[in-house]
Amino acid sequence: MNMSSTLDLLYEKYKDEKLKKVKQQIFYIKNIIDSLNKLILIENKKIKITYEDINICDIVKKYYDKINCNETMVKTNKELIEIIIKNLIDNANKYTTSPIKIRLTDKYLEISNKTDKKLNIEKLTEKFYKQSNN
């Protein structure tokens, strides 16, 4: 937050758009760190997961506004499902050669994309696995 405040002051003085981009990246990194911290606490049973009825359509629309979907209620943890959906959509966008497609029904959420890269399917579900850019 100190870096963010300093960037605000610098932007007010110099009006440089690059400063805005740096601030956006700081918040992006902060959100990743917050998500990882929450997941670590859950994994180590330091906090208990609570469940509530959540409209998945609203969450998907938050990260992908091109979807037409109806209210789709699921009993889950709102924070965790947001982390999952945001991560899946971000990754689908990051590793695609064309626009992604998302479909939501009362039975499933499908996020699809096309890539020209060869994928190592066995490793895709491993924690922190990242496909090489080669």
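When Thr115, Thr97, Thr76 are compared by accessible surface with a 1.4 Å probe, the order from highest to lowest is Thr97, Thr115, Thr76. When all protein chains stay in place and ligands, DNA and RNA are ignored, the 1.4 Å accessible-area order of Lys86, Lys130, largest first, is Lys130, Lys86.
Ranking Tyr63, Ile49, Thr105 by how far each Cα lies toward the positive end of the dipole of the chain (charges on Cβ) leaves Tyr63 at the top. Each distinct pair of alpha carbons in the chain adds a 1/r term; the inverse of their mean, the Kirkwood radius, is 17.7 Å. Entry note, the chain: the mean residue ellipticity at 222 nm calculated from DSSP H runs of n ≥ 4, each adding -39500 (n - 2.57), is -16000 deg cm²/dmol after division by the residues and rounding to the nearest 500. For segment 25-33, 3J(HN,Hα) computed residue by residue from phi via the Karplus equation (6.51, -1.76, 1.60; θ = phi - 60°) reads 5, 4, 5, 4, 5, 4, 5, 5, 4 Hz, glycine and proline entered as x. Placing a label point 7 Å from the Cα of Ile49 along the Cα-to-Cβ line, the residues of segment 64-89 whose backbone N sits under 14 Å from it are 75-85.
Contact order, relative form, for segment 16-75: 26 percent (alpha carbon pairs under 8 Å, 6 or more residues apart, mean separation divided by residue count).
Note on Lys101: lysines with a C-alpha under 26 Å away, same-chain residues under 8 apart excluded, are Lys61, Lys62, Lys66, Lys75, Lys78, Lys86, Lys114, Lys117, Lys118, Lys123, Lys127, Lys130.
Just in segment 1-107: which GluC sites (Glu not before Pro) are loop by DSSP and have at most 10 other Cβ atoms within 10 Å? Those satisfying the criteria are Glu71. The P(r) of segment 79-119 has a tail past 13 Å containing 57 percent of all C-alpha pairs.
The values are calculated or read from the model by the stated rules, or taken from the named source; none is laboratory data. Model, not experiment: these values are computed from the prediction. For neighbour counting, all protein chains shown are included, and Cβ atoms are generated from backbone atoms with ideal geometry for every residue, glycine included. Surface accessibility is based on the protein's heavy atoms, side chains included, excluding ligands, DNA and RNA. Shrake-Rupley method; radii C 1.70, N 1.55, O 1.52, S 1.80 Å.
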